[in-house]
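Enquirer: Right, I'll just put the structure down here and ask away after.
No value in this document is a laboratory result; all are computed from the given coordinates. Being a predicted model, the structure only gives us computed values, none of them experimental. No Cβ is skipped: glycine too gets one built from the backbone with ideal geometry, and neighbour counts run over all protein chains shown.
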């Protein structure tokens, strides 16, 4: 099955305006908006879609505290749509919608959608760096830092993390029914899962949790590199949003990260430079710990300049 990855996340939210503003400030582009809904896109067309929580057209949430109503996957071709419909139709209802997409519940109660992918090809340079001993990567006389305050935009929807009450059952659904594979695993916590048409380390991470917590821990988009993550995160804080974890760099997946609180009843991450694996990769396993979760963790502070009267070592909070 050529499941490429996440195309869209659909939320039913009680505070539509707060969620709209959050996504705009995060860097997504408003492509549709009315009094009851909105669609906010990354550069490749992947998106977050918002509805008011009481919209009767929305699927039910897996639990009362979860605002996510549907996770939509992009697939490469109609043969994949047909194969998914046939497979899932063996033991559950599969609806064919007016636009040709299909939807069905997974084994935890999350509504899944599958559609021909909306992703637009991108032709953009990623962040590169020069290092002694290596051939020149960033061209001579080019700038690595842009202080023009240019808007930073996420490039593509990256991954989502679910709290699930039965990790083995949830993993089996994605692996045995949809062809995902485990790329790495935190022992006693859950697996990182990669769909069959994608090279990213993961589009899903499953975390075992009590049934009443079933829902979303975080979702994230890929940015163009660590500088974009840190600069956009810094700007995000200056707009009044609260950081939760980061910035730093993960071990499993290697992606740079910065997590923030949000009005979506979950965290929202900014990430960049995730590992990419093919079928020759063998999954690792490790007990969860601070060392296993991050290679390093940095602390935010406001901009400052070490001029006369500025704080010196030990005189400021990191």
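Enquirer: Remind me, relative contact order of segment 201-318 in percent, using alpha carbon pairs under 8 angstrom and six or more residues apart? If you can, show how the numbers build up before the last one.
Expert: Details: 150 pairs, mean separation 30.8, N = 118.
Contact order relative to length: 26 percent.
Enquirer: Then there's this: So, in Å, what gap is there between the alpha-carbon centers of segment 70-96 and segment 263-300?
Expert: Here the two parts' Cα centres lie 29 Å apart.
Enquirer: Sort segment 16-86 into rounded, prolate or oblate with this rule: let a ≥ b ≥ c be the square roots of the eigenvalues of the Cα gyration tensor; rounded if a/c is under 1.5, and if a/c is not under 1.5, prolate when a/b is larger than b/c, oblate otherwise.
Expert: Details: a/c = 2.38, a/b = 1.34, b/c = 1.78.
Taking the square roots of the gyration eigenvalues as a ≥ b ≥ c, segment 16-86 is oblate.
Enquirer: What's the FRET efficiency of residue 95 with residue 239 using the Cβ-Cβ distance as r and R₀ = 41 Å, to the nearest 0.05?
Expert: Given R0 = 41 Å and the Cβ-Cβ separation, E is 0.55.
Enquirer: Considering the chain as a Gaussian network with a 10 Å cut-off on Cα pairs, which listed residue, 289, 101, 47, attains the greatest mean-square fluctuation?
Expert: Comparing 289, 101, 47 in a Gaussian network model of the chain, the most mobile one is 289.
Enquirer: How far is helix 16-26 tilted, in degrees, relative to the longest principal axis of the Cα atoms in the chain, given as a value from 0 to 90 rounded to the nearest 10?
Expert: 50
Enquirer: Calculate for the chain the 222 nm mean residue ellipticity that helices alone would give, adding -39,500 (n - 2.57) per DSSP H run of length 4 or more and normalising by residue count, nearest 500 deg cm²/dmol.
Expert: Taken over the chain, the calculation gives -4000 deg cm²/dmol.
Enquirer: Over segment 137-276, what is the percentage of antiparallel beta bridges among all DSSP beta bridges, to the nearest 5?
Expert: Working: 24 of 34 bridges.
If I count the DSSP bridges inside segment 137-276, around 70 percent turn out antiparallel.
Enquirer: Further question on the same structure: May I ask for the angle, rounded to the nearest 10°, between helix 226-238 and the longest principal axis of the chain, with both axes built from Cα atoms and the value confined to 0 to 90°?
Expert: Computed tilt is about 90 degrees.
Enquirer: Looking at the chain as a GNM with Cα springs under 10 Å, which of 42, 135, 18 has the largest mean-square fluctuation?
Expert: Its mean-square fluctuation being the largest, the pick is 135.
Enquirer: Now, a different point. I want to verify a result. In a Gaussian network model of the chain, Cα cutoff 10 Å, which of these has the top mean-square fluctuation: 239, 149, 70?
Expert: Greatest mean-square fluctuation among the candidates belongs to 149.
Enquirer: Next up: Could you check what % of the DSSP bridge pairs in segment 145-206 are antiparallel, to the nearest 5?
Expert: 70
Enquirer: Round to a whole angstrom and tell me the spacing of the C-alpha centers of segment 178-231 and segment 108-158.
Expert: Here the two parts' Cα centres lie 19 Å apart.
Enquirer: Restricting to the chain, compute how many DSSP beta bridges are antiparallel as a %, nearest 5.
Expert: Here the antiparallel bridges make up roughly 65 percent for the chain.
Enquirer: How high is the relative contact order of segment 1-93, given as a whole-number percent (alpha carbon pairs under 8 Å, six or more residues apart)? If you can, show how the numbers build up before the last one.
Expert: Values: 141 pairs, mean separation 37.1, N = 93.
Reported relative contact order: 40 percent.
Enquirer: I need to check one value: relative contact order of the chain, counting alpha carbon pairs closer than 8 Å and at least 6 residues apart, in percent.
Expert: On the way: 671 pairs, mean separation 54.4, N = 318.
Relative contact order here is 17 percent.
Enquirer: Then there is this: Using only the alpha-carbon atoms, how far is helix 78-88 inclined from the longest principal axis of the chain? Give it as 0 to 90 degrees, nearest 10.
Expert: For helix 78-88, the angle is close to 70 degrees.
Enquirer: Evaluate E = 1/(1 + (r/R0)^6) for residue 281 and residue 166, where r is the Cβ-Cβ distance and R0 equals 41 Å; express this FRET efficiency to the nearest 0.05. Don't skip to the end; give the middle numbers.
Expert: Details: r = 26 Å, r/R0 = 0.64.
FRET efficiency, residue 281 to residue 166: 0.95.
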